[in-house]
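**Student:** My structure is below; once you've seen it, I'll send some questions.
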């Protein structure tokens, strides 16, 4: 009788400490689960105590749930500071936030842009400012930013998200170059459609007819990007979309 053994890759991050923003559901929660399964001590945040406690229980492995709103620079900074204190340090940062309201050029007022920039650009900058210096000091760190495929291929009716996330990508690419020699990698992951509450809210009943990815599969890619094996991967924008984006560059 043949017995087949499936070896599990050791990502080399057991015992590391990681913070995952906006992880009460969706891709953030899936990322936290994947990191925790690899032995990372994880702290997550959300805006509601009941939801974040439920999410922390789903992650397991002693996951710490924090009530923080990363929709502003101050809230994003507070999350990193509280996570660092709760975990006793921080090696891995997964930036994430919900998306701004849908709309196009005609329907979107000028005063909607600052709020969207706070949510999807300045929150990323603030979390990195709070976390990266300590990573550089010890010579090891991982930043994995969850952005959107819209950075490569703007999505109709999402002008605020398209604008803010493109700015975040430029910031992350610049940061990656600056800290590469210090053992800190900075990458962004650009999800296409995954079956999450956000996608369901945007597309309604039409979402049932769409081909979508599984959030847990996305989380596994986040975990690899944060791994020891990925130490030479930095400054990358990785589209995780099941082949939706078809341009060569």
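**Student:** For a quick check of your reading: which strands (runs of 3 or more DSSP E) sit entirely within the stretch 16-110 and have at least 2 residues that are within 30 Å of residue 159 (Cα to Cα) and free of Cβ contacts under 8 Å to residues at least 60 places away in the same chain?
**Tutor:** By residue number, 41-46.
**Student:** Exactly one condition in (1) assigned to a helix (DSSP H, G or I); (2) at pLDDT below 90 is not met by residue 165; state its number.
**Tutor:** Condition (2) is where residue 165 drops out.
**Student:** What residue, of 149, 158, is in contact (Cβ under 8 Å) with a residue 12 or more places away in the chain and touching a strand residue (DSSP E or B) at 6+ places or on another chain (Cβ under 6 Å)?
**Tutor:** Going through 149, 158 in turn, the sole match is 149.
**Student:** Can you tell me which residues in the stretch 66-93 are touching a strand residue (DSSP E or B) at 6+ places or on another chain (Cβ under 7 Å) and crowded, with 22+ Cβ neighbours inside 10 Å?
**Tutor:** Of everything in the stretch 66-93, those that are touching a strand residue (DSSP E or B) at 6+ places or on another chain (Cβ under 7 Å) and crowded, with 22+ Cβ neighbours inside 10 Å turn out to be 68, 70, 79, 80, 83, 90, 91, 92, 93.
**Student:** Continuing with this model, one more query. So residue 11 passes all but one of these: (1) within 20 Å of residue 188 (Cα to Cα); (2) touching a strand residue (DSSP E or B) at 6+ places or on another chain (Cβ under 7 Å). Which condition number does it fail?
**Tutor:** (2)
**Student:** Counting only residues that are within 17 Å of residue 218 (Cβ to Cβ) and assigned to a loop (DSSP other than H, G, I, E, B), which one in the stretch 142-162 is modelled with the highest pLDDT?
**Tutor:** Ranking the candidates gives 147 first.
**Student:** Let me ask something else. Can you report the number of residues in the stretch 215-249 which are within 21 Å of residue 154 (Cα to Cα), in a loop (DSSP other than H, G, I, E, B) and in contact (Cβ under 8 Å) with a residue 24 or more places away in the chain?
**Tutor:** Result for the stretch 215-249: 7.
**Student:** So, one more: In the stretch 101-124, what count of residues is obtained for those that are touching a strand residue (DSSP E or B) at 6+ places or on another chain (Cβ under 8 Å) and either under 21 Å from residue 77 (Cβ atoms) or crowded, with 24+ Cβ neighbours inside 10 Å (or both)?
**Tutor:** Adding up the residues that qualify gives 2.
The values are calculated or read from the model by the stated rules, or taken from the named source; none is laboratory data. Given the structure is predicted, the values throughout are model-derived calculations rather than measurements. Quick reminder, even Gly has a Cβ in these numbers, built from the backbone with ideal geometry, and neighbours come from all protein chains shown.
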